[in-house]
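Okay, structure first, notes after.
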Amino acid sequence: IYSCCYLSRRLNQLSSHDPLWKRHCKKYWLISEEEKSQRNQSWKAIFISTYSDLGRYIRYYATLKKAWDDLEKYLGQRCPRMIGSLKESVREEDLDAVEAQIGCKLPDDYRCSFRIHNGQKLVVPGLMGSMALSNHYRSEDLLDIDTAAGGFQQRLGLKQCLPLTFCIHTGLSQYMALESVEGRNKYEIFYQCPDQMARNPSAIDMFITGTSYLEWFTSYVNKVVTGGYPIIRDQIFRYVHDKECVATTGDITVSVSTSFLPELSSVHPPHYFFTYRIRIEMSKDALPEKACQLDSRYWRITNAKGDVEEVQGPGVVGEFPIISPGRVYEYTSCTTFSTTSGYMEGYYTFHCLYYKDKFFNVTIPRFHMVCPTFKVSTARMVSRDAVETNHNEYAVDEDEDSTDTDEYEDRRRVLDIPAPSGRCPRHT
């Protein structure tokens, strides 16, 4: 319309009709009435000036700006200290300079996000989520553009890959492929996973976390702001809760959420590490005499091949929690599978505090754990073809039994969050 207005008087009049530009300003740039008043400009002038600066991002800006706004609003209410770690936006020339530095073009959706926020400072907790077990902690920061450029990779196995996140405790990063090389799709996002069985150090498998920056970032933000990830001690914890994974026995409800840990997993050899968080709660309407104490647990663990392991033992995470009306007990544990998926189910045995001879079982609902999509290193396949090695040497061996190990850095009660003991007993 703006270009055509020079060819027709009627179009010229139409192009000056401010309500028309108001609609576009709100749709593409999310400009509010309040912001318009502060600028003291017409809607047309605001659209044109904004387009001259951000026009190349018109396909992405509104989606990413809304995601950032939603995230800031949510964190401002629940994790206010994290807001202080966010950096201000960068200029177009800063992004152009990075492209010149690394010799690769950055995708427009990635550039657009940095025109809104330049990632965050290298602090804890990280914006992209945390995970804590008794002897393991991860918290991922969203890297600013200069730090990301400094970590740009040209070595074999990670050629032309740019880090998006970084954990200062584990060194773990999520990378984005800037070109379609080494079996990766352009702009695919992944965790690197060194192939421990290959002789070639450039043999790096990948756990895929996104197909583009826009999809990767907005899907994460959506899980955060909709409560899909819990906020624990002012941090975002990346546990996923299946709403069907809840079981109620009498007055006690047990629910489970799970998470995959790529930094403790591998494709070769097959070792897939999952953590799960269990919440045990007694209804606030239960009678006081329903108070009880957990004595033992029973687990039935099944891998993708149908192999079953049964485990019984006293307490959970070395404790024997007491549950009373309105009280909650939560703890974190973990398990490994040699298959890409598996599930667990079982029950807890309690005894009544008022009737010490009365015992009963409480169902633990079945919960599934599935490894994310992964890609096998092309270096492994090339090496295998070159030396014509035996196929069985490289086959994924899925005959090992699963193991379930206590990890309870994150367990907590309603008003009491105990410190980790450092112990790591099994099968809880």
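The values are calculated or read from the model by the stated rules, or taken from the named source; none is laboratory data. Keep in mind it's a predicted model, so treat the numbers as computed, not measured. Glycine gets a Cβ as well: all are built from the backbone with ideal geometry, and neighbour counts include every protein chain shown. The area values use the complete protein model at the heavy-atom level, side chains included, leaving out ligands, DNA and RNA. Shrake-Rupley method; radii C 1.70, N 1.55, O 1.52, S 1.80 Å.
The relative contact order of the chain, computed from alpha carbon pairs under 8 Å that lie at least 6 residues apart in sequence, is 12 percent. Given axes a ≥ b ≥ c from the Cα gyration tensor, I'd like to know whether the chain is rounded (a/c under 1.5), prolate (a/b larger than b/c) or oblate. Note, shape of the chain comes out oblate.
The H on the amide N of residue 295, modeled in the peptide plane, is under 5 Å from the matching H of 349, 350, 351, each at least 5 residues off or on a different chain.
Once the chain from residue 123 to residue 99 is taken as fully extended at 0.36 nm per residue, the excess over their C-alpha distance is 6.1 nm.
The mean sequence distance of close C-alpha pairs (under 8 Å, at least 6 residues apart), as a share of the length of the range 60-223, puts its relative contact order at 17 percent. When the chain is modelled as a GNM with alpha-carbon springs shorter than 10 Å, which of 194, 125, 80 fluctuates the most? Per the Cα network of the chain with a 10 Å cutoff, 80 tops the list. Karplus-derived 3J(HN,Hα) values for the range 332-349, using 6.51 cos²θ - 1.76 cosθ + 1.60 with θ = phi - 60°, are 10, 9, 8, 8, 10, 10, 8, 10, 6, 8, x, 8, 10, 7, x, 7, 9, 9 Hz; glycine and proline are entered as x. The label-point distance for residue 41 and residue 146, in a model that sets each label 7 Å from Cα toward Cβ, rounds to 2.8 nm.
Length gained on full extension, residue 293 to residue 156, computed as 0.36 nm times the residue gap minus the Cα-Cα distance: 43.8 nm. Taking Cα atoms only, the orientation of helix 43-54 departs from the longest principal axis of the chain by about 70 degrees. A Förster radius of 22 Å, combined with the Cβ-Cβ distance separating residue 73 from residue 49, puts the computed FRET efficiency at roughly 0.25.
Taking Cα atoms only, the orientation of helix 213-225 departs from the longest principal axis of the chain by about 50 degrees. Can you grab the distance from the C-alpha centre of the range 105-164 to the C-alpha centre of the range 285-359, Å, no decimals? So the two Cα centres are separated by 38 Å. For residue 358, the lysines whose Cα falls under 22 Å of its own Cα, not counting residues fewer than eight places away in the same chain, are 284, 290. Angle, helix 18-29 long axis vs. longest principal axis of the chain, Cα atoms, 0 to 90°, nearest 10? Value to nearest ten degrees: 40. Ligands, DNA and RNA left out, the 1.4 Å accessible surface of the range 260-337 is 48% carbon and sulfur atoms. Per residue, the average separation of C-alpha pairs within less than 8 Å and at least 6 apart gives the range 245-373 a relative contact order of 31 percent. The gain in end-to-end length when the residue 208 to residue 169 segment is fully stretched comes to 11.9 nm, 0.36 nm per residue minus the alpha carbon separation. Taking all protein chains into account, the per residue accessible area for the chain stands at 47 Å² (1.4 Å probe). Bridging of residue 105 to lysines at a Cα separation below 26 Å is possible for 65, 66, 87, 121, 159, 186, 375, once same-chain residues fewer than 8 apart are set aside.
Placing unit charges on the Cβ atoms only, positive for Lys and Arg and negative for Asp and Glu, gives the chain a dipole magnitude near 1820 debye about its Cα centre. When exposed loop sites are taken as chymotrypsin sites (Phe, Trp or Tyr not before Pro) in a DSSP loop with at most 16 other Cβ atoms within 10 Å, the longest stretch of the chain clear of them is 3-353. Each Lys and Arg contributes +1 and each Asp and Glu -1, all at the Cβ; summed about the Cα centre of the range 257-296, the dipole is approximately 80 debye.
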